1. Please go through segment B:346-380 and give me each residue that is over 30 Å from B:E336 (Cβ atoms), of a type in the set (A, V, I, L, M, F, W, C) and crowded, with 18+ Cβ neighbours inside 10 Å, ordered by number.
2. Give the residue that is surrounded by the fewest Cβ atoms within 10 Å (Cβ to Cβ), with candidates limited to residues of segment A:103-160 that are over 20 Å from A:A201 (Cβ atoms) and among the aromatic types (F, W, Y).
3. Could you go through segment A:262-272 and let me know if any residue there is assigned to a loop (DSSP other than H, G, I, E, B), closer than 24 Å to A:G354 by Cβ and polar (S, T, N, Q).
4. Has segment A:30-50 got any residue that is among the charged types (D, E, K, R), more than 30 Å from A:R141 (Cα to Cα) and surrounded by fewer than 24 Cβ atoms within 10 Å (Cβ to Cβ)?
5. Answer yes or no: is there a residue in segment A:69-85 that is at pLDDT 95 or above, more than 26 Å from B:L189 (Cα to Cα), out of contact with any Ser or Thr (no Cβ under 8 Å at 6 or more places or on another chain) and crowded, with 18+ Cβ neighbours inside 10 Å.
6. List the pairs whose first member sits in segment A:77-92 and is in the same structural domain as A:R42 (by TED's automatic domain parsing), whose second member is among the polar types (S, T, N, Q) and modelled with pLDDT under 95, and whose Cβ atoms are under 7 Å apart, counting only residues at least 6 apart or on separate chains?
7. Among the residues of segment A:385-394, is there at least one that is within 23 Å of the chain's Cα centre (by Cα) and more than 27 Å from B:W407 (Cα to Cα)?
8. One residue is enough: does segment A:376-399 have a residue meeting the conditions touching a residue at least 40 places away in the same chain (Cβ under 8 Å), outside the structural domain of A:G22 (by TED's automatic domain parsing) and of a type in the set (G, A, S)?
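The values are calculated or read from the model by the stated rules, or taken from the named source; none is laboratory data. All figures in this text were calculated on a predicted structure; none of them were measured in a lab. Every residue, glycine among them, receives a Cβ derived from its backbone with ideal geometry; neighbour counts consider all protein chains shown.
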2 protein chains.
Amino acid sequence: MNQSSPIPDHRPQVVIIGGGFGGLAAARELADAPVDVTVLDRRNYHLFQPLLYQVATAALSPSEIAWPIRHLLRRQANASVLLAEATGIDLEAGCVRTTAGDQPFDYLVVATGAAHSYFGHPEWAEHAPGLKSIEDATAIRRRVLSAFEQAENAPAGEREGLLTFVIVGGGPTGVEMAGAVAELARDALARDFRNVDPREAKVVLVEAGERILAAFPESLAAYAARMLERLGVTVMTRTAVTGCGPDGAQVGERHLASRTIIWAAGVAASPLAAELAGPHDRAGRAVVAEDLSLQGHPNVFVVGDAAAVNGRGGVVVPGIAPAAKQAGRHAARVIEAQVRGRAPPGAFHYRHAGDLATIGRSAAVVRFDGFRLTGWLGWVFWGLAHIYFLIGLRNRVAVALDWSWSWLTRQRHVRLIIG
Amino acid sequence: MNQSSPIPDHRPQVVIIGGGFGGLAAARELADAPVDVTVLDRRNYHLFQPLLYQVATAALSPSEIAWPIRHLLRRQANASVLLAEATGIDLEAGCVRTTAGDQPFDYLVVATGAAHSYFGHPEWAEHAPGLKSIEDATAIRRRVLSAFEQAENAPAGEREGLLTFVIVGGGPTGVEMAGAVAELARDALARDFRNVDPREAKVVLVEAGERILAAFPESLAAYAARMLERLGVTVMTRTAVTGCGPDGAQVGERHLASRTIIWAAGVAASPLAAELAGPHDRAGRAVVAEDLSLQGHPNVFVVGDAAAVNGRGGVVVPGIAPAAKQAGRHAARVIEAQVRGRAPPGAFHYRHAGDLATIGRSAAVVRFDGFRLTGWLGWVFWGLAHIYFLIGLRNRVAVALDWSWSWLTRQRHVRLIIG
């Protein structure tokens, strides 16, 4: 805090729950506003979730995609960071209940993100972990690597289940995960075992809808499916997963023996957002007004995956990082306008820049307004875009070097079974 | 396995328990011997323990100092790797009991390393974790970083205990740890908090003996103590720690309020080594014959921290990486000579190359036979030596870049509270 200037009687207190893309963008946008900002998170780091699947598949270290929130905001004098879990929101009292005591607010930004949804089957979670946190990623890494280790020493009858990997959900995360697991088996692990050949591992990508990558143009989705199959991935569309257990998954009509199921299908708003007053969509996201405020609470905003935002023409804003960032900045601008007594910036307009997904080595699909890319060019574009959006020179250099090294050697350097 | 040449009726089976410095060196030395080698480890990776304290203090990622044992031995046709825990050794039956079934052996190398010793107070372990595994290192990192987070939000009366770090044991690990914690607080964290000043953190290094770094020449130890004090570390020698609890440590006559105690004092042989037949030293290490074999079992060898080796003149071989490597290679040579019916290589002669410890940024102490170094030159030598001994080009480049980056920016890039 700036100690040389007198502190006015009451500077408006802005509490931001969540230091993800939305929360961090809101905090930064308020840097010059006459408010005190508190960013509350149960983790001490901001996580670059789009690359989390690379941690899960041994290509990147957690530290390459995570930064202490405190460090990112160290130069912003009006911001402080509190490592604590929000346990409830009292809208009437204007107070967030946290594990580190109550945090009163004049303005609140709820940016708590999403959790997995198992479509009413929480008991599947144990057998089909999802990918939202670093702990999730290292747990999946442990499962995948351990499956090969166990297969090496298992009787022949058990090997098939150990070497079958089922990925549920054909969105970008599922596609990237399936490609990465297939490459891990085909390249990095290929020559390291004596009794099993990792190249015989079976990777199955299951999607309930018509096709994978539903948000992408059909031609790009078809390209992605072809490239996945070239990597040895079995792509099953129009197929629902109706059960997950310790020995495998019920995939459509048949039971697929598998000791490693990865969940990349359902997403639900975090419990805190789901418990907010007012209407919610089916995934539990809080339905917000066009300025992102909560109905009847013009000082409370919900952004990112926690919010259901109906854009123009009824299009739901997608649950991706650029959307969360834009929403966080917009909420901050509304707050600043209110504090300064200026005219409000009005409705939130989401600008969709494009969609990207990588399938593997030298293969990605990219759709930007002006152009589409596939293959090697798409892959380079995908890589550069992700490096650009990483925070900090150090991580950009580290990730670029790791990717170059992986590309040259086909190795994955984080093959650690930990925990 | 080489499938093109016929496998003889019985190739001698060599089982190596432990993929650390000693076990890995033994396995590699047997590459051309007419034996089958099985390396058994409960971890899937070989760990470069000398830099583990840098993982604990947020300077390096675990993956930079760990490599899959399987990958390191992938080109050695006569070696296989088994991820399993050895639960017992039946010397009479010639069999190692493991969590993945029995492993019969003709020759056995026990390279199980060391665990912490709390001098008969195992209840201290919970409050004063030690540093032997990656999990230990990330747990200490979590404790150290969490202490600052908690202090930021704690009432003034609790801050002192939260910002006091006690390191027990003035050997190289304790010295390096104390210096690294002090630098973390003074540099990397300095400007990131609002309510506390990490530079006021108290780091106390407690050593029961006459002086720190007992294995080093007195002048180097005195230099290290001066440099530690310049970093703000309080060095207490001739002071025993007689208690560790949740609120602090009993240090000599007084109780030091501290929420973070790190144990770098006692070392004990792993339980498996301690349970081997025959005599043991006070730390539970198996006393071995001069060729490193177990008394009465010329086909069983104990190397590294698991063994008590009396060198010429009764000097005990130190528990450091070069000693373990040399012993592992020697055991392998004895085995190969026995298998080939050659004359045995005789007694193990340990060659002590030198001692190194770093205190912090641009300060280290180095003693090699021919010379001694301190200060910047010692630090560069220390860094180059450690990079040289790392395995693989990728990790050498990554660690060199991380150190350069840390040196330039005074930052630590792995400030993650995980788990």
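1. Selection gives B:L356, B:A357, B:I359, B:A363, B:A364, B:V365, B:V366, B:L373, B:W379.
2. This residue is A:F119.
3. no
4. Let us first name the residues in segment A:30-50 that are among the charged types (D, E, K, R), namely A:32, A:36, A:41-43.
Add one more test, that the residue is more than 30 Å from A:R141 (Cα to Cα), and what stays is A:32, A:36.
After this cut, where a residue has to be surrounded by fewer than 24 Cβ atoms within 10 Å (Cβ to Cβ) as well, the list is A:32, A:36.
Yes.
5. no
6. A:A77/A:N2; A:L82/B:N153
7. yes
8. Yes, that holds for at least one residue.
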